[in-house]
Amino acid sequence: MPRLVVDAFGTTVLVHCADADRDRLSGQWARCLLPDDTAVPDDVPTLTHPGGELTDSHDYALASALTTAAITDQAGERLMFHACGLADPASGRVAVLVAASGTGKTTAAVRLSQAGLGYVSDETIAVDADDTVRRYPKPVSVVIDPAVPYAKSQHGPDELAMTPAPDGALHAAAVVLLRRSRDTPRAPELTAVPLIDGLIELIPQTSALPRMRRPLRRLADLVASLGGPWRLDYSEIGEATDLVRTALTSRRPPLGFVHHPPPATGDEDRSEAKDDAATGDEDRSEAKDDAATGARALRRGDYLDAIEHDGRVLLLRGNRPIVLDGLGALAWLHADTEDFDRHDLLALARESFGDHPDAERLVDEAVGELLDHGVLRAH
């Protein structure tokens, strides 16, 4: 059976197919193919294209399976975004355009690359620790019938005249959150997004983030080094080409943030922390009752990673991000102090925010909510 050897952003995948399908698949995956005589280890992911009459369906399934195999293989090694990537042809600087499935990434990749930006990928952007971006110029999936959005045909970037990414290393230059206005036409607009707000939107659009060592630190290192995230509002992506170029060429000063790693950062400890983060409501209710009286010290609950920026704290507990500000951030930041309790928090709140006639009630409510969510525990 013929085979194709595909480079899926750094993972070699072996694809078996029928003779009748080989030329079509080779055209679709031309920019990702390794030479036929490439030596392939026995343990690489292997897929089989079933052939037959359901060509569009099987081609689309193959593309999805290839991407999934690469994500599974690289989980925990590098940042992976549900994003399309476009590169400046001269410098190799890459705009990572992030959006949920079905909201315009493929259209953006096609239109912007046809306008002269280099096509990196339309679905998954993988970024190494040194900000190097992995190429994945896969075929793009085009909806055949708008009434059936999951029925798609595959088209290679060469067929669609999509500009190739330049040779040489590619580096992330901008992280852009796409927001397409489908119903109301609007002029495109590029705006800066506060770091933590942007990270909250980015986290659901990553793959296997909790499996990384210090995952929030790694994500924040990338985004903050680029001056923070952008948001691109638009109706027609072709009208936003100049704004994408602006994001690519701008060199904003990096943002500072404070990293608060958990006490233990090994893989085994993080796995235990994830399990502990799902403790039952009964245990937290008992802790809440004790802490509300000020009888017990407050400690941080288990978490995978945390960062602090501009008076706010972003926690990652398992797969769940939590943002703390005001009293919540104040409580969490001081909860690693020996014998810190509700009375200390009340004093800090008055010092930080001024006195308030309902200060005690507000502190009690804040502590109770933090205990309910496992962000704090009574020690």
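Worth pointing out:
- Residues that are open to solvent by less than 40 Å² (accessible area, probe 1.4 Å) and within 30 Å of residue 248 (Cα to Cα) within segment 35-68 comprise 63, 66, 67, listed in sequence order.
- Filtering segment 228-258 to residues that are of a type in the set (Gly, Ala, Ser), open to solvent by 10 Å² or more (accessible area, probe 1.4 Å) and within 30 Å of residue 184 (Cβ to Cβ) leaves 235, 238, 250.
- The number of residues in segment 72-88 that are open to solvent by less than 10 Å² (accessible area, probe 1.4 Å) and touching an Asp or Glu at 6+ places or on another chain (Cβ under 9 Å) comes to 4.
- Test: residue in segment 147-158 that is assigned to a strand (DSSP E or B), free of Cβ contacts under 8 Å to residues at least 24 places away in the same chain and open to solvent by 10 Å² or more (accessible area, probe 1.4 Å): yes
- Flag for residue 247 being at pLDDT 95 or above, under 16 Å from residue 196 (Cα atoms) and either outside any strand (DSSP E or B) or out of contact with any Cys (no Cβ under 9 Å at 6 or more places or on another chain) (or both): no
- Residue within segment 196-205 that is touching a His at 6+ places or on another chain (Cβ under 8 Å), under 26 Å from residue 70 (Cα atoms) and touching a residue at least 60 places away in the same chain (Cβ under 8 Å) present: yes
- Single condition residue 188 does not satisfy, out of (1) in contact with a Leu (Cβ under 8 Å, 6 or more places away or on another chain); (2) under 27 Å from residue 66 (Cβ atoms); (3) open to solvent by 30 Å² or more (accessible area, probe 1.4 Å): (2)
- Checking residue 91 against (1) farther than 15 Å from residue 31 by Cβ; (2) buried (at least 21 other Cβ atoms within 10 Å of the Cβ), the condition it does not meet: (2)
- Given (1) without any contact (Cβ under 8 Å) to a residue 40 or more places away in the chain; (2) under 23 Å from residue 71 (Cα atoms), number of the condition residue 138 does not satisfy: (1)
- Within segment 200-223, the residues that satisfy the criterion of being surrounded by fewer than 20 Cβ atoms within 10 Å (Cβ to Cβ) and touching a Gly at 6+ places or on another chain (Cβ under 8 Å) are 208, 211, 213.
- Filtering segment 2-30 to residues that are surrounded by fewer than 19 Cβ atoms within 10 Å (Cβ to Cβ) and touching a residue at least 40 places away in the same chain (Cβ under 8 Å) leaves 10, 27, 30.
- For residue 137, the criteria (1) in a loop (DSSP other than H, G, I, E, B); (2) over 25 Å from the mean Cα position of the chain (by Cα); (3) surrounded by 15 or more Cβ atoms within 10 Å (Cβ to Cβ) hold in every case but one, which is (2).
- Residue satisfying all of: in segment 98-119; in contact with a helix residue (DSSP H, G or I) (Cβ under 8 Å, 6 or more places away or on another chain) and of a type in the set (Val, Ile, Thr); least open to solvent (accessible area, probe 1.4 Å) among these: 98
The values are calculated or read from the model by the stated rules, or taken from the named source; none is laboratory data. None of the values given here were measured: they were computed from a predicted structure. Cβ sites come from the backbone with ideal geometry, for glycine too, and all protein chains shown count toward neighbours. SASA here: full protein model, heavy atoms, side chains in, ligands and nucleic acids out. Shrake-Rupley method; radii C 1.70, N 1.55, O 1.52, S 1.80 Å.
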